[in-house]
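The block underneath contains the structure these notes are about, expressed in structure tokens.
The values are calculated or read from the model by the stated rules, or taken from the named source; none is laboratory data. As the structure is a computational prediction, the values presented were derived from the model and not from experiment. Cβ coordinates were reconstructed from backbone atoms using ideal geometry, including for glycine residues, and neighbour counts include every protein chain displayed.
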Amino acid sequence: MDNQQILDKMLSGFMDFIPEKLLYNQYAPEQIKESLRENAVQPLVRDEMESVSDASGIPENGGNDGQKEPVSNEEAPPFKYDEPDHHIGLVGEKENDSYILDNSSNDEELTKKSAAKSPLSEIRIPIGAISGSNQTLYWEFGNPQLANRHLSITGRSGQGKTYFIQCLLWELAKHGISSIVIDYTDGYKKSQLEEEFKAKLGANLEQFIVLAKKFPINPFKRNQKILDEDIVILEDDSDVAERIKNVIGSIYPSLGIQQLNAIYQAVMRGMSRYDEKMNLQLLRELLEEDGSNPAKTAVSQMNLLIDKNPFDYEKNFDWSFLEKEKGKVFIIQLTGYSPDVQKMITEFVLWDLWYYKLQHGNKNLPFPVVLDEAQRLDFGNDAPSSKILVEGRKFGWSGWFSTQFLKGGFSSDAISRLQNAAVKVYFAPMENEISTIAENLTQNNAERKEWESKLKNLRKGQCIFYGPVRDRNGKLLPPRPYLVDIYPLEER
């Protein structure tokens, strides 16, 4: 390995050196004015800045009231906000690539009564400190250059995925962006949420317990199909029948073509006979009326879904409240139902949301939806989760798909669609997934071994962030991995 290769390694953070503290990065003679030459012993004196407070009220510039201060050579603990200078540039890759990260923050002063409303393009979500430094790494959530706002989160149980999601939800709430969590894992019951998270959100944390109230959507409703910006038609009976058949087929993969066709035909008859008064109970009656063996088999599988009757067919849920009530976290709580019923509710809620956003969505109105244990969802070609990942960006969707594992939980097509997420966050993975993840992080064989080692040694509260970051010129750099110590809720 020659000197240049060693230098490149040092600058990219693969060795134990802290890149931004290397003299190579700190000394920039072309930027030093002649009048300052005599003070060259303190080369990193920063420009005077206004003190900006985060949610905790701690000045972002370290509490110096805008006074100039040389950067210390002492390494700051990664989770502390009281000392680090958040404006130190980090050099990554090679010098001629100018990979200088922009570490400035746009957080406005926040209160519980009034959420900040930053311009979307300025919204940056702090993830944590790049390991071994005090350099803050951001999810460039509002950057118009970002391919999409989807997020893929992977890691085995107990490594901090749910905690991390709460941190991100709070950061968005501070900027007046509302979010939805569809909870079919019990992980977002109020009793399971962090006390700090609940205290910060206060009345902006709302929970809808479906078992207690029934969810006000009608799976048999004819939605509007947008053919072009000024051409809208109503779904016909076959569209509704196909959707019902696909959802039930994803819940019960053992149902064959004949059973699914019996369901399709029963829905067609029901829509013709009852129109939008059609419901699951009537579907059972129509299948029993059919009397064929495939229809009987379908009914025997679906009885539990129908008996639970989780929908209020007479009402339509008004999703617009999420755009009107800024900074809300709305949890659709499915506790108390069996996994099959939870999946049915989730799929139909996602369909209802999908059609709502087709009419009212906008790429400049972000709409984060959290889906934990994503391996339980349907990722077929016509499923809402696939549509969110492939087409959702232009309607404002920000799908957050969290899972413990990829291998064995998803088809190859589903994994391919999840790779559409512009940002991927890896917590300590299953042992059998380490090499696959490392291959996704880098194509360089030597670097791959290093990332395999980092994946094996991830601690709770650490993650590997893979995505684009912003340089000092506002340009998004190509995606690459970063080892990050996540900032805790109490410091946000």
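Determine whether the stretch 189-212 contains at least one residue that is more than 27 Å from the chain's Cα centre (by Cα), of a type outside the set (Val, Ile, Thr) and more than 19 Å from Val370 (Cβ to Cβ). Yes - at least one qualifying residue is present in the stretch 189-212. Would you say Gly270 is more than 32 Å from the chain's Cα centre (by Cα) and under 26 Å from Gln375 (Cβ atoms)? In short, no. In the stretch 411-428, the residue that is surrounded by the fewest Cβ atoms within 10 Å (Cβ to Cβ) out of those that are at pLDDT below 95 and assigned to a loop (DSSP other than H, G, I, E, B) is Ser411.
Filtered by the rule that a residue be in a helix (DSSP H, G or I) and under 18 Å from Ile244 (Cα atoms), the stretch 368-402 gives Arg376, Pro384, Ser385, Ser386, Lys387.
Test Gly132 against the criterion of being under 16 Å from Lys454 (Cβ atoms) and modelled with pLDDT of 95 or more, and give yes or no. Spelling it out, it is not the case that Gly132 is under 16 Å from Lys454 (Cβ atoms) and modelled with pLDDT of 95 or more.
For the stretch 249-263, the set of residues classified as in a helix (DSSP H, G or I) and of a type in the set (S, T, N, Q) consists of Ser250, Gln258, Gln259, Asn261, listed by residue number.
Evaluated against (1) in a loop (DSSP other than H, G, I, E, B); (2) out of contact with any His (no Cβ under 9 Å at 6 or more places or on another chain), Ile434 falls short on exactly one condition, (1).
Scanning the stretch 193-214 for residues that are in contact with a strand residue (DSSP E or B) (Cβ under 6 Å, 6 or more places away or on another chain) and of a type in the set (Phe, Trp, Tyr) turns up just one, Phe208.
Of the residues screened, Phe410 is one that is without any contact (Cβ under 8 Å) to a residue 40 or more places away in the chain, under 30 Å from Thr346 (Cα atoms) and in contact with a Phe, Trp or Tyr (Cβ under 9 Å, 6 or more places away or on another chain). Selection of the stretch 281-315 for residues being in contact (Cβ under 8 Å) with a residue 40 or more places away in the chain and surrounded by 14 or more Cβ atoms within 10 Å (Cβ to Cβ) yields Thr297, Ala298, Gln301, Met302, Leu305, Pro310, Phe311, Asp312, Tyr313. Evaluated against (1) farther than 26 Å from Val390 by Cα; (2) in a helix (DSSP H, G or I), Tyr313 falls short on exactly one condition, (2).
Number of residues in the stretch 134-161 that are of a type in the set (Phe, Trp, Tyr) and under 13 Å from the mean Cα position of the chain (by Cα): the value is 2.
Listed by position, the strands (runs of 3 or more DSSP E) inside the stretch 185-243 whose residues that are modelled with pLDDT of 95 or more, under 30 Å from Trp170 (Cβ atoms) and in contact with a helix residue (DSSP H, G or I) (Cβ under 9 Å, 6 or more places away or on another chain) number at least 1 are 205-209.
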